[in-house]
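The values are calculated or read from the model by the stated rules, or taken from the named source; none is laboratory data. Not measured: the values here are computed from a predicted model. Cβ placement follows ideal geometry from the backbone for every residue including glycine, while neighbour counts extend to all protein chains displayed. In case anyone asks, the SASA skips ligands and DNA or RNA and just uses the protein heavy atoms, side chains included. Shrake-Rupley method; radii C 1.70, N 1.55, O 1.52, S 1.80 Å.
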Amino acid sequence: MANTASAGLAAADNRVFTLAAEVTESREQDIPLLLLKLKGILNDSSLGCEDSKKIKQDIYDYNLTQYCMLLLRQDHSRLREGWATAAQLAEILSHCCVGLEVKEDPEEFHKKFLPSAIDNLLFLGRRLQARFIRAIKDREKQDFLRWFKTVTDAICWLFGGHIQLAECVLQNDHFLQLLVTDDVETAAIMMSVLHNILRVNSSVLVEVDEETLHSVLDELVYKISSTANPVIGNSATKLLLLVAKSGKQLVKLIAARYKGLKGLLSKQWTGKGFDRDLNQLLDLLCSEQSNEKGQMQRQHQAACIIQAMWRGFQTRKRLKKLPQAVATLQRSFRAKREQELQHLKKQKEDEALKLQMQLQRQRARRLFHERQLALLEIIHASQVNKYMEEMEGKSALTIQRFWRGHRARRNFHQQRQSLKEYKAAVIIQRAACKFLEKRRRRRPLSPWKDPKGLTDEQKLALQQKVDDYIKLHPASQMSEEMSKELHMQAQEKLAQFLLRSRVDQRAVQRRELLLAQVNTDVELLLNAPGLAETTEKDLHVFMSRSISVATKARQSHNAVLKYTRWPWWKKLEDEFMEDGVIPDDALNAELGTICGKKSS
């Protein structure tokens, strides 16, 4: 017996190893069909319980389970019998995971692998549900429905073997989207999955988050209220009954969140074949509502007493203030009526002023047009355009003047705040100055002390020192002839300096003129046309100089000569002028003299 069992186990290990090798070496599209062989290995009747666990452990170690999980995400519509293969892979995946005890890194298996497997199975279920709804042929619809049922059974089998996955299934977005459907057949299957979840783990609704719980309850109540199918009604009623039995807080939640659920159930679903479950649910809701009703009555009575006491206090307080309130009301009424009368009066005055201004504008416009017509009749036809241009210019000036005034007033209003700040600063400074001046005046003045006078002996000693200093340092005296000679020497030196500076300035001007002439000639040569294209006008440009330029140069030369003959005292105010610059009045006077001679 022992030899037979060991031989069977060795054969099973060889099959898993061989299949893993084939999957590794095969093409991607052949892998799903190869993995279907796992179904025969798992369903081998010769394996015992321990052998089956060993086979599942080998399949997980060779990553064949991971292959099955990843293939569920692929699009199987392009493969032949692809969706049937995917449904069988889902069934194989659930069977491989249930009863598997991972010894190496069990946390990764329970925290990562199993939630990923649940997510992929639900994703495959969504694809099958969508294709079932879109299918037209009856045979195709039956196939998709059968495969969808296979996938949901695999999900139920998986969280039945691992209870902690019930909460993961309930919180998955794909499960909520599968549940939210209007199709009767798939909705009934999904509600059976939800029933299995609550049967496996009744406290799962208390453990999930509030949003998921509300979404599930909303969908169940919506199915009860929106359909007349007894299958959907029966399943939804049983699920609500299971939810209500899971805890008192869930009963309170259903009774508080869905106020008209009791009337809807008793009115629409009584006598549909599931009265027993319906009556149990109604009894739970009625008991909860009666408790809530009694509590609400007590709260309502307490609130009425508090409100009555508060209203009495407010009424007594109002009665005490009634005379003062009447006087205040009359005063406010009279003030408001006076304000309304003033507003009406001001409005009438504004309207009258507006009408008067409008009439004045019309009258002024009419007078202006009449004056224009009279002037047009007087003015000669050739002067009309000139007159109109003058009027347009005056109009433009008037518009500009008004615009500048408007802009200045607007800027003044904008700068009013800064002006206020400036005035405030000036006032503060003035006050500070006055304060400091008062403080200085309040300081006690030191008594005046006359300087001590010198004695006669001290005066004689100081006088003797002064006389000795004068004898040692006699003052230099210059005669009138020496001062005139010194003046003449200064004039000669100044004339020599001015002559040298003028000579240098003329040399610099001559160099600049020659350089400008050279540059002009270079430009003329560069821009000159070829000999074949030369005209008489081009020859004249190269042969003659401008007469006006020569005349201007001669006039400037005469003005410079006259300026150099001025006396030195007349040039003292030009010492700080730039070198080579001749005063404009001198040039203008010289040019005027030359022009006068020419005219004469």
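Here are a few things to note about the model shown:
- 16 Å reach of a label modelled at residue 555, 7 Å along Cα-to-Cβ, counting backbone N of the stretch 490-520: none
- Projecting the Cα atoms of 152, 269, 203 onto the charge dipole of the chain, computed from C-beta unit charges around the Cα centre, puts 269 farthest toward the positive end.
- In this simple spin-label approximation, residue 499 and residue 433 carry label points 7 Å from Cα along the Cα→Cβ vector, and these lie 6.0 nm apart.
- This structure gives percent of Cα pairs over 40 Å apart, computed directly, and of [x] 35; [y] 73; [z] 28 that value is listed as [y].
- Lys/Arg +1, Asp/Glu -1 at C-beta; the chain dipole; positive extreme among 297, 247, 189: 297
- Between the Cα long axis of helix 456-472 and the first principal axis of the chain there is an angle of about 80°, rounded to the nearest 10.
- Between residue 356 and residue 28, the contour length at 0.36 nm per residue exceeds the alpha carbon distance by 108.5 nm.
- Oblate is the label for the stretch 154-296. Its Cα gyration tensor axes, ordered a ≥ b ≥ c, give a/c of at least 1.5 and b/c at or above a/b.
- Note that the chain presents 73 Å² accessible area per residue, ligands and nucleic acids not counted, probe 1.4 Å.
- Over all other residues within a Cβ to Cβ distance under 14 Å of residue 432, the charged ones net out to +4, with Lys and Arg as +1 and Asp and Glu as -1.
- R0 of 56 Å, Cβ-Cβ distance residue 227-residue 318: FRET efficiency to nearest 0.05: 0.45
- Within the chain, longest stretch free of exposed GluC sites (Glu not before Pro) [DSSP loop, at most 15 other beta carbons within 10 Å]: 105-574
- Span from the the stretch 267-281 Cα centroid across to the the stretch 181-258 one, whole angstrom: 16 Å
- Size of charge dipole - the stretch 227-350 - debye, nearest 20, with Cβ of Lys, Arg +1 and Asp, Glu -1, no other charges: 840 debye
- Residue 490 versus residue 420: modelled label distance in nm, points set 7 Å from Cα along the beta carbon direction: 6.5 nm
- The residue 398 and residue 378 beta-carbon pair, evaluated with R₀ = 22 Å, returns a calculated FRET efficiency of approximately 0.45.
- As a calculated quantity, the FRET efficiency between residue 310 and residue 332 at R0 = 22 Å, using C-beta atoms, amounts to about 0.25.
- Cα centre as origin, Lys/Arg/Asp/Glu Cβ charges: the stretch 388-443 dipole, Debye: 1120 debye
- Across the cross-link table entries 37/112; 141/248; 53/149, which are compared at the Cα atoms, the separations over 30 Å belong to 141/248.
- For the chain, the longest principal axis of the alpha carbon atoms and the long axis of helix 322-378 meet at an angle near 50°.
- In the stretch 209-275, the trypsin sites (Lys or Arg not before Pro) that fall in loop regions by DSSP, at most 16 other Cβ within 10 Å: 259, 272
- Modelled this way, with points 7 Å down the Cα-to-C-beta line, the labels at residue 54 and residue 303 are 7.2 nm from one another.
- Counting only lysines at least 8 places from residue 336 when in the same chain, those with an alpha carbon closer than 30 Å to its own are 317, 320, 321, 345, 346, 348, 354.
- The angle separating the long axis of helix 184-200 from the principal Cα axis of greatest extent in the chain is about 80 degrees.
- Between 49, 402, 62, the Cα set farthest toward the positive side of the dipole of the chain (charges on each charged residue's Cβ, about the Cα centre) is that of 402.
- Note on the stretch 217-350: with neighbouring protein chains present and a 1.4 Å probe, carbon and sulfur make up 57 percent of its accessible heavy-atom surface.
- The apolar share of the surface of the stretch 46-172, taken as the fraction of accessible area on carbon and sulfur atoms (1.4 Å probe, ligands and nucleic acids excluded), comes to 49 percent.
- What you get for the chain, charging only the Cβ of Lys and Arg (+1) and of Asp and Glu (-1), is a dipole of about 5960 debye around the Cα centre.
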